[in-house]
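Read the structure below first, then the notes.
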Amino acid sequence: MFLNILNNAEKTAFLQLAMICAKADGVIREEENEVLQAYCDEMDIQMPKFGAKIDYIVECFDNEKEKYNSEIEEILSNFSKTRTIDVDTGRAMEKEPLTGDALIMKLAGRARLCNTLKIAYFELIALIYSDGEVPLIEADILRRLVPDLKTKELKNLAIALTNQLNF
């Protein structure tokens, strides 16, 4: 739904995270493959070949945490920390400091901006819950995408929406 908003580096990073999640249990199941293909279709790109790198990262999760952390942080570094998406218009913009009217809108609950990490989080829910299991590596990736998420509202919304879409 929102993946077409991502820039090329973010799309590639998102697919790497998605493939790590799909491969978390050692096998990419048919449901997971369908979701991965739907992601590529939405982003209007071909399914990239990350095979060996994805296998390496998944293997490092259990055996070499430092290398795993380094690889995941490298992938996450491709997401913009300053570019936000106005969810009302779908337009990307650079985040401005909260001053004046912007601060008042945020305090009033009317600021409708979402950063690209939250888009990745929301979209990955479809894949992560497609097989009914959430291995530790998938939970770790979700936590890293939105570390300041204090409530389960986004997760519950994403799960409900993806269930409605019947991925």
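Of all residues in the range 1-38, exactly one satisfies the criterion of being in a loop (DSSP other than H, G, I, E, B) and open to solvent by less than 10 Å² (accessible area, probe 1.4 Å), namely L6. Within the range 53-82, residues that are closer than 13 Å to I20 by Cα and open to solvent by 70 Å² or more (accessible area, probe 1.4 Å) reach partners that are part of a helix (DSSP H, G or I) and among the acidic types (D, E) with beta carbons closer than 9 Å, at six or more positions or on different chains, in the pairs K53/E71; Y56/E71.
The values are calculated or read from the model by the stated rules, or taken from the named source; none is laboratory data. Just so it is clear, the model here is predicted, and its values are computed rather than measured. Please note: Cβ atoms are built from the backbone with ideal geometry, for glycine as well, and neighbour counts cover all protein chains shown. Protein only, heavy atoms only, side chains kept; ligands, DNA and RNA dropped before computing areas. Shrake-Rupley method; radii C 1.70, N 1.55, O 1.52, S 1.80 Å.
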